[in-house]
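For reference, the structure is listed below as structure tokens.
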Amino acid sequence: MKYQFTEKKDTRSGFGDGLTEIGRSNPEVVALCADLVGSLKMGNFIKENPSRFFQMGISEANMMGTAAGLATAGKIPFTGTFANFSTGRVYDQLRQSIAYSEKNVKVCASHAGLTLGEDGATHQILEDVGMIKMLPNFTIVVPCDYNQTKAATIAIADHEGPVYLRFGRPSWPIFTNSDEKFEIGKAQKMISGTDVTIMAYGHMVWKSIEAEAILQAEGISVEVINMHTIKPLDERAILNAVKKTGCIVTAEEHNINGGLGESVARLLGQNEPCPQEFVAVNDSFGESGTPDQLLEKYGLSTDNIVLAAKRAISRK
């Protein structure tokens, strides 16, 4: 299947539109924000549901504690702030107040990864997936474009238990169908192939599709999988893929330590050892720059994925 796009839109808008939609159908959904309503695209939800919105100000830890309390009272709280403030600033509250007691809180985190761009290293969190992955009871979802982010936002409202939903700031190609149902924990095969598997999430799915086109033109058959749910991991999809292709590349807008790549490596080491290459930020902070400049500098470009796929194949 060939993927094309005619429009770009930021994934955070998918979150905002999804939140508005579930606000109309589920009266138990409430929203909280730490003084970033515009950035999180929560305005329409607030306009339609003013009594179900809580502006917490710049007090993220208090927001998480309040969300846990609302969940205890039977509400379905969606918290909204930048990924850096949704995790690093509030890890104690996530662990003690939400994960430990399995509170039904949806932690919705925007402006994740290098593609936050010009705001620089202090805001470009690259370790959040690893941090949340280590918390028992949390589900981690990272959709790939506007349509999938909207669908994922709607889906997590029906999921019982804490969820970390990660999305981004930049305009990005829309390449999934608007009517596609989102299934938590079920990997999405984008392209079938036999020579190498490329597995990615978030913005890196589109980069992987671009890489597949280059490799296909060179006669290399690539399987592209969108691993939008990092926890729980669709282990069967990974094992089936590598049994067919014999090698894998994991691509993620995250630190190489603690991300999807390490989860895949553990699974393969225990069940189906094979060559694996990692496309990720190599244990460093980011810096200010445009999204494309940063992806290029830190080794997350389309060409980096192409080269990683060739290395994986050469090691079979």
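Any read-out appearing in this document is the output of simple, stated calculations on the displayed coordinates, not a laboratory observation. All of these numbers come straight from a predicted model, not from anything done at the bench. Backbone-built Cβ (ideal geometry, glycine too); neighbour counts: all protein chains shown.
Region 110-198 holds strands (runs of 3 or more DSSP E) entirely within its bounds, and those carrying 2 or more residues that are more than 12 Å from the chain's Cα centre (by Cα) map to 171-173, 188-191. Residue selection: E223 satisfies the criterion of being charged (D, E, K, R), in contact with a strand residue (DSSP E or B) (Cβ under 8 Å, 6 or more places away or on another chain), within 22 Å of L307 (Cβ to Cβ) and not in a helix (DSSP H, G or I).
Among the residues of region 269-288, those identified as more than 16 Å from G299 (Cβ to Cβ) and out of contact with any strand residue (DSSP E or B) (no Cβ under 7 Å at 6 or more places or on another chain) are G269, Q270, N271, E272, P273, P275, S288. Residues of region 11-39 that are small (G, A, S) and crowded, with 18+ Cβ neighbours inside 10 Å: G14, G16, G18, G23, A31, A34. Note on region 55-88: residues that are surrounded by fewer than 17 Cβ atoms within 10 Å (Cβ to Cβ) and under 22 Å from R12 (Cα atoms) total 5.
Out of S263, S301, S314, one residue alone is surrounded by fewer than 20 Cβ atoms within 10 Å (Cβ to Cβ) and touching a Leu at 6+ places or on another chain (Cβ under 9 Å). It is S301. Name the single residue that is surrounded by the most Cβ atoms within 10 Å (Cβ to Cβ) among those in region 89-100 being in a helix (DSSP H, G or I) and in contact with a helix residue (DSSP H, G or I) (Cβ under 8 Å, 6 or more places away or on another chain). So, considering only residues that are in a helix (DSSP H, G or I) and in contact with a helix residue (DSSP H, G or I) (Cβ under 8 Å, 6 or more places away or on another chain), the one surrounded by the most Cβ atoms within 10 Å (Cβ to Cβ) is I98.
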